[in-house]
Amino acid sequence: MYKYAVSAVIVTSIMVHCGNVTKADSGSPEMADKVLVLADSVFDEHVKALKARVPDDFTIFVQRPFVVIGNEEPDKVRHRSTRTVKWAIDLLKKDFFTNDPAYIIDIWLFRDKTSYEKYAWELFNDKPETPFGYYLEEEKALLMNISTGGGTLVHEMVHPFMRANFPGCPPWFDEGMASLYEQCGEKGGHIYGYTNWRLEGLQEAAESGRVPSFKTLTAMRATKFYLQDKGTNYAQARYLCYYLQEQGLLVKYYHEFHENVDDDPTGYITLQKVLGVEDMKAFKKKWETFVMKLSFP
Ligand SMILES: [Zn+2]
């Protein structure tokens with residue numbers, strides 16, 4: 001349900017909140033850009049407006065750069081706000097992201113299917129097309145049926161960070177990273193993606209020779225990535241990221257791709273470089289063998 005990054009939204013948002021945005025030094029001499037941090041007053045105003053709008057049984061927690069709003073028991077909402085949302089923010093920032101999104105994103109955690117559908121309609125005039133959750137770009141809101149688990153939540157949290165830090169990121173890497181962490185935990189103090197439900201479809205596609213070359217995948221524009229055999233595209237991108245993770249190369253790849261995106265907008269050349277591979281056909285065979293040996297659960 002994610003609609004592809006619109007970097008203009010970020011720019012507009014910075015301008016709107018101009019008087020309330022503080023610039024802080026990133027502490028990194030290599031960073032030419034300044035890190036933008038929204039002032040407390042922006043969050044205070046936002047929460048005030050939310051309180052006037054949300055039904056009584058919702059609790060609100062500020063978890064920068066997000067605001068978490070939920071209608072489970074208040075302790076449960078607090079627990080999700082710290083143990084899922086803050087946990088993921090901290091670990092994603094540790095390895096990948098420097099900037100917060102330049103605007104507040106609301107994370108709505110609805111306790112079950114009934115309230116998810118009811119409030120999507122009553123508060124946002126929208127009908128969910130997925131049972132798990134999705135991002136409403138125009139409302140800057142993540143709507144989650146949290147009874148289905150936190151996986152989609154972490155997936156959708158990756159996108160605003162990617163937009164804020166890597167606006168030129170192509171769809172395959174944006175969705176590959178987001179999908180990697182939809183089944184995640186912690187390993188050695190770092191965020192770690194596990195195998196998940198996307199594996200089975202990928203193995204079937206690999207067996208029937210339907211998985212495109214990495215050159216094709218990485219060159220896909222949003223229309224092709226999201227509309228043509230979307231399931232295989234997501235899964236291929238995810239398990240390429242998973243492979244890089246397993247080789248200890250994912251963090252390196254992210255940063256090298258980010259640094260070289262002007263010269264290598266698809267990330268393909270950087271992929272070859274980081275993998276140390278020239279023959280990508282042979283690599284694809286090796287990767288498919290690796291994928292066929294994986295299992296879930
Ligand atoms: Zn996504």
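The values are calculated or read from the model by the stated rules, or taken from the named source; none is laboratory data. Nothing here was measured: the structure is a model prediction, and the numbers come from that model. Because the Cβ atoms are built from the backbone with ideal geometry, glycine has one as well, and the counts that use them run over all protein chains shown.
When region 154-181 is filtered for residues that are among the aliphatic types (A, V, I, L, M) and near the ligand (Cβ under 7 Å from one of its atoms), only 178 remains. With the structure loaded, tell me whether residue 148 is surrounded by fewer than 22 Cβ atoms within 10 Å (Cβ to Cβ), more than 17 Å from the chain's Cα centre (by Cα) and over 18 Å from residue 241 (Cα atoms) or whether it fails that test. Judged against the criteria, residue 148 is a match. Would you say residue 206 is more than 26 Å from residue 154 (Cα to Cα) and in contact (Cβ under 8 Å) with a residue 12 or more places away in the chain? So residue 206 fits the description; yes. Any residue in region 194-207 that is hydroxyl-bearing (Ser, Thr, Tyr), surrounded by fewer than 22 Cβ atoms within 10 Å (Cβ to Cβ), more than 15 Å from the ligand (Cβ to nearest atom) and within 24 Å of residue 93 (Cβ to Cβ)? Yes, region 194-207 has at least one match.
When region 126-153 is filtered for residues that are of a type in the set (Ser, Thr, Tyr) and either under 22 Å from residue 228 (Cβ atoms) or within 14 Å of the ligand (Cβ to nearest atom) (or both), the ones remaining, listed by number, are 130, 134, 135, 152. Taking the conditions (1) among the acidic types (Asp, Glu); (2) free of Cβ contacts under 8 Å to residues at least 24 places away in the same chain; (3) in contact with a strand residue (DSSP E or B) (Cβ under 8 Å, 6 or more places away or on another chain) in turn, residue 122 satisfies each one other than (3).
Given the structure, is residue 90 of a type in the set (D, E, K, R), farther than 14 Å from residue 146 by Cα and not in a helix (DSSP H, G or I)? No, not satisfied.
Of the residues making up region 208-260, those that are hydroxyl-bearing (Ser, Thr, Tyr) and over 17 Å from the mean Cα position of the chain (by Cα) are 208, 213, 216, 218, 223, 232, 243.
Here residue 201 fulfils each of the conditions (1) at pLDDT 95 or above; (2) part of a loop (DSSP other than H, G, I, E, B); (3) among the small types (Gly, Ala, Ser) apart from (2).
Does region 278-294 include one or more residues that are surrounded by 14 or more Cβ atoms within 10 Å (Cβ to Cβ) and in contact with a Gly (Cβ under 7 Å, 6 or more places away or on another chain)? No, the conditions are met nowhere in region 278-294. Within region 211-227, residues that are assigned to a loop (DSSP other than H, G, I, E, B) sit with their Cβ atoms under 7 Å from residues that are at pLDDT 95 or above and hydroxyl-bearing (Ser, Thr, Tyr), at 6+ positions apart or across chains, in these pairs: 211/232.
Scan region 236-274 for residues that are in contact with a Ser or Thr (Cβ under 8 Å, 6 or more places away or on another chain) and either assigned to a helix (DSSP H, G or I) or crowded, with 24+ Cβ neighbours inside 10 Å (or both) and the total you get is 11.
For the criterion of being outside any loop (DSSP other than H, G, I, E, B), of a type in the set (Asp, Glu) and either more than 11 Å from the ligand (Cβ to nearest atom) or more than 26 Å from residue 55 (Cβ to Cβ) (or both), residue 106 passes. Could you give every pair whose Cβ atoms fall below 7 Å, whose first residue belongs to region 154-174 and is free of Cβ contacts under 8 Å to residues at least 60 places away in the same chain, and whose second residue is within 11 Å of the ligand (Cβ to nearest atom), counting only separations of at least 6 or pairs across chains? Close Cβ pairs satisfying both conditions: 155/178; 155/179; 155/181; 155/182. Taking region 1-70 and the strands (runs of 3 or more DSSP E) fully enclosed by it, the elements with 1 or more residues that are modelled with pLDDT of 95 or more and surrounded by 12 or more Cβ atoms within 10 Å (Cβ to Cβ) are at 59-63, 66-70.
Just a yes or no: is a residue in region 152-169 in a strand (DSSP E or B) and touching a helix residue (DSSP H, G or I) at 6+ places or on another chain (Cβ under 8 Å)? Scanning region 152-169 turns up no residue that is in a strand (DSSP E or B) and touching a helix residue (DSSP H, G or I) at 6+ places or on another chain (Cβ under 8 Å).
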